[in-house]
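Read the structure below first, then the notes.
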Amino acid sequence: MKRTVFMCAALLIAASHVFAGERLSLKSITSGEFRSESMARIEPLADGENYASISPDGKRIVRYSFKTGKQAGVIFDVNTVRGPKIDRVDGYIYSPDGRNILIQTETKPIYRRSFTAVYYIYNVQNNKMEPLSTGGPQQTPVFSPDGNQIAFVRDNNIYLVKMLYDNAESQVTKDGKRNNVINGIPDWVYEEEFGTNSSMVFTADSRAICWIRYDETAVKEYSFPLYKGLNPSNDRYADYPGHYTYKYPIAGETNSSVAVYSFDIKSRQTRKMQLPVDADGYIPRIKMTSDPTKIAVFTMNRHQDNLSIYLADPLSTVCKLVVQDKADKYIREESMASVQLTSGHILLASERDGYNHLYLYTINGQLKRQITKGKFEVTDVYGYDEATGDTYFAANEKGVAEKQVYVAHKDGRMECLTPKSGHNDAVFSDGFKYFINIWSDMNNPAVYTVNTNTGKHLATLIDNNQLKKKMAAYELGSREMFTFTTSEGVSLNGWMVKPAGFDGSKRYPVIMYQYGGPGSQQVLNRWNNGMCGQGMVLEQYLAQNGYLVVCVDGRGTGGRGAEFEKCTYLRLGEKEARDQVEAAIWLGKQSYVDKDRIGIWGWSYGGWNTLMSMSEGRDVFRAGVAIAPPTTWRFYDTVYSERYMRTPKENPSGYDEVNPIARASSLSGALLICHGMADDNVHYRNTVEYTEALVQADKDFRENIYTNRNHSIYGGNTRNHLFRQAIRFFDSEMRKGL
């Protein structure tokens with residue numbers, strides 16, 4: 001379950017207020033009509049002066065100047081390219097020397113990050129492209145550093161294409177087999193919980209390929225049924241249903257056995273690295289270094305409280321430990337993605353002093369200095385400049401709801417490059433001379449600008465003024481931040497959307513939206529807050545229909561340091577639910593809130609939090625909607641569950657006492673629960689077992705099940721139907737007795 005889960009829903013109640021502006025419609029919201037304009041696949045080019053991006057229609061890859069922000073040329077055009085014809089560009093990968101580009105098309109998703117696609121090698125100079133391979137779709141192609149070779153994965157095996165030999169293709173591994181052995185790409189749980197879709201690199205001299213091998217043989221299988229369905233229609237299941245089976249290790253069970261291998265391209269010799277990883281440990285990452293005799297390999301123990309970085313020699317197979325980071329409870333998933341390797345240094349994000357900060361090591365593992373310090377969190381790491389000693393990153397130093405871009409100089413000075421209040425993201429040029437800044441706040445959609453590395457504004461690329469004008473035609477309410485203190489003395493942050501023409505003398509019903517998963521944040525000063533993002537437009541829709549809409553980040557959420565985030569350890573869901581109940585009680589004490597008409601809803605972890613909050617013991621919620629919720633961590637995967645709960649054997653009370661199934665008899669308020677039958681992430685069994693517990697506890701509920709739909713519950717008219725059910729449910733339950 002990720003914080004980026006598809007958080008869209010809508011709820012409705014009859015309105016008593018007459019609006020002067022246009023009224024929002026659910027269909028326009030769910031169709032994405034209010035999405036802000038953005039830039040697709042920004043790719044800084046090696047010259048440090050230009051960047052590339054896919055055109056909005058997907059037909060071209062365009063080159064732009066960082067200095068001016070203006071178009072500097074067309075790199076690729078589907079209408080003029082010589083060779084095979086394609087409809088659109090889904091993605092692209094530049095070769096290190098810039099001579100060739102891999103063009104991605106016909107993309108077919110597998111899980112959250114994995115997909116197959118058909119790739120073409122495009123020669124920039126002669127405007128010609130040809131297939132990377134004719135043997136079937138590929139996964140995660142990687143250019144060699146010299147640009148002359150491409151490695152890719154097909155059917156769990158690694159293949160190599162040599163461009164100097166007329167794209168001759170050879171097979172590197174032959175033991176790959178579905179639900180058995182995977183080479184070069186992660187298994188399901190690694191992909192989902194360590195945030196990666198590739199486990200393969202070249203050495204810096206292009207002479208060897210190194211990869212992680214996953215042996216899934218001992219991992220137990222999980223199956224779910226598939227039916228004919230519609231949009232799309234699976235005609236092969238027209239007469240008899242089928243099923244999908246894959247390896248999914250639940251909490252406490254056996255994971256894949258992992259190891260790192262190298263393949264010497266010239267001698268065609270395969271070697272296994274002498275990596276001292278625990279028998280039940282993890283290898284979350286493998287990275288290339290600038291030294292051809294070293295690749296970086298990350299390992300973690302099963303408790304995930306010890307991260308080790310080794311430098312492995314692909315030829316001798318010897319592995320040397322260079323950096324180690326330990327935590328009292330667990331190391332965040334994001335820590336792996338934040339590690340930066342340069343020619344001479346390793347940049348590491350760590351919570352060792354209680355907040356997520358940056359530490360600089362030499363490439364051989366000597367700690368040089370702590371780069372950032374203070375009671376704030378580094379949220380993004382952009383890189384370390386070897387030439388100047390400057391480090392570029394984002395942090396919430398100006399407030400938990402804020403995010404600005406910073407540079408930390410070698411002498412210890414830290415400068416904010418984006419001082420305007422709000423939420424900032426950055427894409428830096430190669431060499432850190434420029435960056436594209438994406439800024440927004442609660443009341444303004446994203447503005448894309450080009451800036452120098454001192455923060456000087458050079459050009460505005462996108463201002464989203466058209467969207468602002470469009471939304472101005474609708475009578476929208478106010479968006480406000482607030483803070484309150486619970487009865488336990490915990491200060492919590494929230495936001496609230498009030499209807500236009502808000503009358504403080506009236507009492508409004510409330511819908512509380514939340515997610516609440518470890519390290520997540522929903523209360524941010526940014527445009528894409530809320531259930532659907534899009535400028536809280538869904539919340540505005542609810543406000544137009546008489547609701548106050550509120551979101552509160554409880555304990556366990558991010559941005560406030562390790563103590564606040566990790567206080568839920570071993571009892572996941574207990575304090576989070578308590579804080580949502582406390583938020584409802586606090587709201588009920590406000591003169592403008594109808595304390596008897598407060599609802600709550602969420603998706604994924606937010607669904608879990610909804611169920612836990614409604615069965616916390618205090619009867620404060622009139623109704624709730626839980627979408628795709630986990631209902632016990634015993635059903636969820638090893639990496640996520642054990643990161644926060646350890647294993648069921650080590651923590652039986654945490655697993656058995658703190659879950660909605662165990663608390664079914666305590667459920668209060670009307671409940672609608674929704675789930676997709678083909679959910680590969682939070683299995684439908686969670687809802688099946690929970691509703692059975694409700695039946696035996698003699699608790700009424702409503703249930704909507706979606707055929708062949710995954711964790712996102714989309715396809716055809718599915719989303720529209722899902723949201724309408726939530727609307728009607730809240731409408732009927734929240735209006736009873738009026």
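Residues satisfying the criterion are present in region 581-593 (criterion: surrounded by fewer than 24 Cβ atoms within 10 Å (Cβ to Cβ), at negative phi and part of a strand (DSSP E or B)). Restricting attention to region 440-452 and to residues that are among the polar types (S, T, N, Q) and under 19 Å from Ala52 (Cα atoms), the residue that is surrounded by the fewest Cβ atoms within 10 Å (Cβ to Cβ) turns out to be Thr452. Has region 623-646 got any residue that is over 14 Å from Ala251 (Cβ atoms) and among the acidic types (Asp, Glu)? No: region 623-646 contains no residue that is over 14 Å from Ala251 (Cβ atoms) and among the acidic types (Asp, Glu). Kindly indicate whether Glu539 is under 22 Å from the mean Cα position of the chain (by Cα) and acidic (Asp, Glu). Considered against the rule, which asks whether it is under 22 Å from the mean Cα position of the chain (by Cα) and acidic (Asp, Glu), Glu539 comes out as no.
Just to verify a result, which residue in region 24-61, among those that are part of a strand (DSSP E or B), surrounded by 17 or more Cβ atoms within 10 Å (Cβ to Cβ) and β-branched (Val, Ile, Thr), is nearest to the chain's Cα centre (by Cα)? Once the filter is applied, the top-ranked residue is Ile54. Considered as a group, the residues in region 174-198 that are hydroxyl-bearing (Ser, Thr, Tyr) and touching a Ser or Thr at 6+ places or on another chain (Cβ under 8 Å) include one that is farthest from Val318 (Cα to Cα), and that residue is Tyr190.
Screening the candidates Asn79, Asn127 for the property of being polar (S, T, N, Q), surrounded by fewer than 17 Cβ atoms within 10 Å (Cβ to Cβ) and at positive phi yields one hit, Asn127.
Determine if region 168-179 includes at least one residue that is surrounded by 22 or more Cβ atoms within 10 Å (Cβ to Cβ), assigned to a loop (DSSP other than H, G, I, E, B) and of a type outside the set (A, V, I, L, M). Checking region 168-179: not a single residue is surrounded by 22 or more Cβ atoms within 10 Å (Cβ to Cβ), assigned to a loop (DSSP other than H, G, I, E, B) and of a type outside the set (A, V, I, L, M). When region 634-670 is filtered for residues that are under 28 Å from the mean Cα position of the chain (by Cα) and of a type in the set (A, V, I, L, M), the ones remaining, listed by number, are Val639, Met645, Val658, Ile661. At least 1 residues being of a type outside the set (A, V, I, L, M) and over 25 Å from Gly48 (Cβ atoms) is the threshold, and among the strands (runs of 3 or more DSSP E) wholly inside region 76-151 those reaching it are 100-109, 115-123, 128-131, 139-143. Pick from region 409-427 the residues that are over 12 Å from Asn451 (Cβ atoms) and crowded, with 16+ Cβ neighbours inside 10 Å: which of them is nearest to the chain's Cα centre (by Cα)? Here the residue is Asp425.
Filtering region 27-49 to residues that are touching a Ser or Thr at 6+ places or on another chain (Cβ under 6 Å) and at pLDDT 95 or above leaves Pro44, Gly48. Might you let me know whether region 486-502 holds any residue that is of a type in the set (Val, Ile, Thr), touching a residue at least 24 places away in the same chain (Cβ under 8 Å) and touching a Phe, Trp or Tyr at 6+ places or on another chain (Cβ under 7 Å)? Taking every residue of region 486-502 in turn, none turns out to be of a type in the set (Val, Ile, Thr), touching a residue at least 24 places away in the same chain (Cβ under 8 Å) and touching a Phe, Trp or Tyr at 6+ places or on another chain (Cβ under 7 Å).
Considering region 394-479, the qualifying strands (runs of 3 or more DSSP E), each wholly inside and each with 2 or more residues that are farther than 25 Å from Thr342 by Cβ and touching a residue at least 40 places away in the same chain (Cβ under 8 Å), run over 434-441, 444-452, 457-462. Is it the case, given these coordinates, that Glu539 is surrounded by 20 or more Cβ atoms within 10 Å (Cβ to Cβ), modelled with pLDDT of 95 or more and either among the aliphatic types (A, V, I, L, M) or assigned to a helix (DSSP H, G or I) (or both)? For Glu539, the condition - surrounded by 20 or more Cβ atoms within 10 Å (Cβ to Cβ), modelled with pLDDT of 95 or more and either among the aliphatic types (A, V, I, L, M) or assigned to a helix (DSSP H, G or I) (or both) - is not met.
Return the residues of region 130-158 that are within 29 Å of the chain's Cα centre (by Cα), hydroxyl-bearing (Ser, Thr, Tyr) and either at negative phi or at pLDDT below 95 (or both); say none if nothing qualifies. Hit for region 130-158 is Ser144, nothing else. Taking the numbered list (1) at pLDDT 95 or above; (2) among the charged types (D, E, K, R); (3) over 25 Å from Pro284 (Cβ atoms) in turn, Asp166 passes all entries but (1). Scanning region 331-378 for residues that are in a loop (DSSP other than H, G, I, E, B), within 25 Å of Ala312 (Cβ to Cβ) and hydroxyl-bearing (Ser, Thr, Tyr) turns up Thr342, Ser343. Residues in region 544-578 that are more than 22 Å from Asn396 (Cβ to Cβ), crowded, with 24+ Cβ neighbours inside 10 Å and either touching a Gly at 6+ places or on another chain (Cβ under 7 Å) or among the hydrophobic types (A, V, I, L, M, F, W, C) (or both): Leu548, Val549, Leu572, Ala577. Residues in region 223-249 that are in contact with a Pro (Cβ under 9 Å, 6 or more places away or on another chain) and touching a residue at least 40 places away in the same chain (Cβ under 8 Å): 4 in all. Every residue in region 316-345 that is at pLDDT 95 or above, among the aliphatic types (A, V, I, L, M) and crowded, with 16+ Cβ neighbours inside 10 Å, please. Of everything in region 316-345, those that are at pLDDT 95 or above, among the aliphatic types (A, V, I, L, M) and crowded, with 16+ Cβ neighbours inside 10 Å turn out to be Val322, Val323, Ala327, Ile331, Val339, Leu341.
State whether the residues of region 546-568 include one that is part of a helix (DSSP H, G or I) and of a type in the set (Asp, Glu). Checked region 546-568: at least one residue is part of a helix (DSSP H, G or I) and of a type in the set (Asp, Glu).
Restricting the search to region 62-75, which residues are among the charged types (D, E, K, R) and in a loop (DSSP other than H, G, I, E, B)?
Those that are among the charged types (D, E, K, R) and in a loop (DSSP other than H, G, I, E, B): Lys67, Lys70.
Assess whether Tyr261 counts as being crowded, with 18+ Cβ neighbours inside 10 Å and on the phi < 0 side of the Ramachandran plot. In short, yes.
Mind listing just one residue for me: the one in region 379-393 that is in a loop (DSSP other than H, G, I, E, B) and of a type in the set (D, E, K, R) and, of those, farthest from the chain's Cα centre (by Cα)?
Initial filter on region 379-393 (in a loop (DSSP other than H, G, I, E, B)): 385-390.
Okay, now just the ones that are also of a type in the set (D, E, K, R), so 385-386, 390.
Numbers: Asp385: 27, Glu386: 29, Asp390: 28 Å.
Per the criteria, the residue is Glu386.
The values are calculated or read from the model by the stated rules, or taken from the named source; none is laboratory data. Everything numeric in this text was worked out from a predicted model, so none of it was measured. Glycine also receives a Cβ, built like all others from the backbone with ideal geometry; neighbour counts cover every protein chain displayed.
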